[in-house]
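Quick notes on the structure that follows.
Taken together, the values in this text are just the output of simple stated rules run on the coordinates, not laboratory data. Values in this document were obtained by computation on a predicted structure and should not be read as measured data. As a convention, Cβ positions derive from the backbone with ideal geometry for all residues, glycine included, and neighbour counts pool all protein chains shown.
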């Protein structure tokens, strides 16, 4: 939560062992997103991405048990390889879901790329925590994909 405004916003950072150009590609290309997006145990059978400002994306996400579901949004800002801003919404939302904005910024670091994520505003702490878990797992999966590439 932003202490000044009382708005529920998720902020996460990680450092990834690759150049910003490679990380940006992994954040925006369907074939790369399908390798790492989503919590542990979840898979992305399809990711449709129209990477232009105003363009849309739509992912099919499949949990380990249960029915697959969709998430989608629209690209608001694309500044390769340093910034990506898009809306995020569940197509089969729960009552506490609302459309949020994801802001990803990438900076060159000594050991690769520092990736900073901001997402919000969320309606409840529970939904913020759900996304914190999902992004944390996703970043771990992204780390593993990068490590497997040496």
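Let me check against my output: what whole-number percent is the relative contact order of the chain, with C-alpha pairs under 8 Å and at least 6 apart?
Result for the chain is 28 percent.
Between residue 62 and residue 25, what FRET efficiency comes out of the Förster formula 1/(1 + (r/R0)^6) with R0 = 22 Å and r the beta carbon distance, rounded to 0.05?
0.40
Which one, 66, 112, 133, has the greatest fluctuation when you compute a Gaussian network model over the chain with C-alpha springs under 10 angstrom?
66
How large is log10 of I(q)/I(0) for the chain at q = 0.08 Å⁻¹ when the intensity is taken from the Debye formula with one equal scatterer per alpha-carbon?
-0.21
What does the extension gain come out to for residue 46 and residue 124, with contour length at 0.36 nm per residue minus their alpha carbon separation?
The span from residue 46 to residue 124 would gain 25.2 nm if fully extended.
Roughly speaking, what is the stretch gain from residue 101 to residue 69, that is 0.36 nm per residue apart minus the C-alpha to C-alpha distance, in nm to one decimal?
Full extension of this stretch gives 9.6 nm more.
At a Förster radius of 25 Å, what calculated FRET efficiency corresponds to the Cβ-Cβ distance of residue 147 and residue 92, to the nearest 0.05?
About 0.15, to the nearest 0.05.
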